[in-house]
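The structure appears below as structure tokens.
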There are 2 protein chains.
Amino acid sequence: MTLSLEEYLASRRAQVDRTLDENLPPPATPPAIIHEAMRYAVLGGGKRIRPILAIAAAEACGAAVEPLLGPCAALELIHTYSLVHDDLPALDNDDLRRGRKTTHVVYGEAIGILVGDALLTEAFSWLSRAGDAKVIAMVAEAIDSKGMIGGQVADLEGGSTLDQLEFIHRNKTAKLITAAALLGGLLANASEKLLTALRRYGEAAGLAFQIVDDLLDQEQSSAELGKTAGKDAAQGKLTYPALMGAAAARKRAEELLKVAVENAGIIGGPVNYLAPIARYICERRS
Amino acid sequence: MTLSLEEYLASRRAQVDRTLDENLPPPATPPAIIHEAMRYAVLGGGKRIRPILAIAAAEACGAAVEPLLGPCAALELIHTYSLVHDDLPALDNDDLRRGRKTTHVVYGEAIGILVGDALLTEAFSWLSRAGDAKVIAMVAEAIDSKGMIGGQVADLEGGSTLDQLEFIHRNKTAKLITAAALLGGLLANASEKLLTALRRYGEAAGLAFQIVDDLLDQEQSSAELGKTAGKDAAQGKLTYPALMGAAAARKRAEELLKVAVENAGIIGGPVNYLAPIARYICERRS
């Protein structure tokens, strides 16, 4: 591992950004408005955690990165579609995302809805380039009405118990992060043993990611986060710090980090950034 | 061909309805609201033209029907997702569909958006069961921002010329119908020659379908259609009868029907209902 974590993240992020830019339809493609809006939503920054995780998982399992960039970048399309729809007036009604106006604020609500639809569709197209229907089935299951969308529905409904909170976060956030780890493994033709370790890694890192998100929402400003801060409390939303206190929430994230790091170790591999990425997820400040 | 067209359509429709009912998550699956709403949107009637067309294409190419029902029924999920999102207040703002209240009127706008997302995701899951990534790529291309969604965007933007109208209808309607014909062919491992005939059949039948839709919107009542009639004129939308008169529009549909029937003939096959289905599309009254 010749690159520091920062160098690794920056290098993979640049590859993901280039892949997104080159593979999204050019902005003048008719009808231009939807293609401009898709590019606005996707290319406006973002940490690219999910594609980077998929790439890191594939590398840890011994695969070369370049041919896998399209399918891995598809996860960023899925993540962005979920943000664009979540930000709509009928859902979270948010006007700030990644430090800029949300897509529906710039392009109108109708285009906001259709941009989300188009990004989800485009994602399955990019995933199909891996030539493996199992990949499609795995990702679709992670983000369906029993997965990511189910988590969003449960989040809308609210709740008051730790069980309800875990249902929301496991589905809304952790399932797509788990799918990222598994996607890398499937693209690298990893063994069942490695796929199991990747699944456990993703579930632990994914839940830790959301707990840290809850903590940051409480602790940081909107300028630091690039999205509306303090929103959870303002909307009376259930969060880990609200339910168990910030110290206990931080401790829970650290326990999950330990599970993620253990499973990263099972995977081995000469180029394995999975453990440092899990640490980064838990220690990030935005 | 031992069944009349009416018997064939009724039998295949019953198979599609059963497949949809059995494969959609049970209504009590948590979170129950989204699964109830998905079933409300999908199981509330509909002619099931797209899955039936896929089944008929597969049969015409010599395949057995039963193992292909899941992937073929996925097209109905896609069609329904597009209707649920088109009916939203930010788009067509419609409250009547298939003779019942639209999904967002019953379940609220947030669930309406998420039901559409969930049906599109579920569709790719069902398509993946065919085990062929080429199927996913073909369908995704038909319904992406340059396909069905692009047609919807162009429809929102409006227009005044026949070229603009054809862009809207070819994309918004004909591409998914063409994908239905091609899906049947791909599932039946049809030759390139047959796939070309299926594509031409679908493009002609798909455009004819939309021209007839425009004529029915003008001629029929809401009760007859099960959806809001006269909407095109009320919204000042470009239609074939508005642009060229009802008689010329009817003539154009008949020319397209001829192309569809010719290509159905190229496919041959002992059980080939493609030509009568194309005729049904042009002669239906709702």
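Bear in mind that the values in this text are calculations on the coordinates, not laboratory data. Given the structure is predicted, the values throughout are model-derived calculations rather than measurements. Because the Cβ atoms are built from the backbone with ideal geometry, glycine has one as well, and the counts that use them run over all protein chains shown.
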>> Looking at segment A:264-284, I want the residues that are in a helix (DSSP H, G or I) and have a partner that is hydroxyl-bearing (Ser, Thr, Tyr) with Cβ atoms under 8 Å, at least 6 apart or on another chain. Which pairs are those?
In response: A:ALA264/A:TYR201; A:ILE267/A:TYR201; A:LEU274/A:TYR201; A:PRO276/A:TYR8; A:ALA278/A:TYR201
> Can you tell me which of A:LEU127, A:LEU186, A:LEU182 is within 19 Å of the chain's Cα centre (by Cα), without any contact (Cβ under 8 Å) to a residue 60 or more places away in the chain, more than 9 Å from chain B (Cβ to nearest Cβ) and farther than 28 Å from A:ALA90 by Cα?
Replying inline: A:LEU186
> Which residues, counting only those in segment B:95-134, are over 15 Å from B:HIS35 (Cβ atoms), among the aliphatic types (A, V, I, L, M) and crowded, with 24+ Cβ neighbours inside 10 Å?
Replying inline: B:ILE113, B:LEU120, B:ALA123, B:LEU127
> Going through segment B:143-161 one residue at a time, which ones are within 7 Å of chain A (Cβ to nearest Cβ) and charged (D, E, K, R)?
Replying inline: B:ASP144, B:LYS146, B:GLU157
>> Out of B:ILE55, B:ILE33, I need the residue that is buried (at least 24 other Cβ atoms within 10 Å of the Cβ) and in contact (Cβ under 8 Å) with a residue 40 or more places away in the chain. Which one?
In response: B:ILE55
> Restricting the search to segment B:12-50, which residues are of a type in the set (A, V, I, L, M, F, W, C) and part of a loop (DSSP other than H, G, I, E, B)?
Replying inline: B:LEU24, B:ALA28, B:LEU43
>> Looking for something closer than 22 Å to A:ALA14 by Cα and free of Cβ contacts under 8 Å to residues at least 24 places away in the same chain - is there at least one such residue anywhere in segment A:84-101?
In response: no
>> Exactly one of these conditions fails for B:LEU43: (1) more than 22 Å from B:GLY112 (Cα to Cα); (2) among the aliphatic types (A, V, I, L, M); (3) surrounded by fewer than 19 Cβ atoms within 10 Å (Cβ to Cβ); (4) under 19 Å from the mean Cα position of the chain (by Cα). Give me its number.
In response: (1)
> Across segment B:190-219, what is the total count of residues that are out of contact with any Leu (no Cβ under 7 Å at 6 or more places or on another chain) and farther than 21 Å from B:MET138 by Cβ?
Replying inline: 8
> Quick one: which of A:GLY268, A:GLY226 is crowded, with 16+ Cβ neighbours inside 10 Å and either closer than 27 Å to A:SER11 by Cβ or of a type outside the set (Gly, Ala, Ser) (or both)?
Replying inline: A:GLY226
> Is there a residue being facing chain B (nearest Cβ under 10 Å), within 14 Å of the chain's Cα centre (by Cα) and without any contact (Cβ under 8 Å) to a residue 40 or more places away in the chain anywhere in segment A:165-178?
Replying inline: yes
> When you go through (1) within 12 Å of another protein chain (Cβ to nearest Cβ); (2) surrounded by fewer than 24 Cβ atoms within 10 Å (Cβ to Cβ); (3) assigned to a helix (DSSP H, G or I) one by one for A:THR196, which number turns out not to apply?
Replying inline: (1)
> Take the residues of segment B:79-118 that are more than 12 Å from chain A (Cβ to nearest Cβ) and under 21 Å from B:ILE143 (Cβ atoms): which is nearest to the chain's Cα centre (by Cα)?
Replying inline: B:HIS79
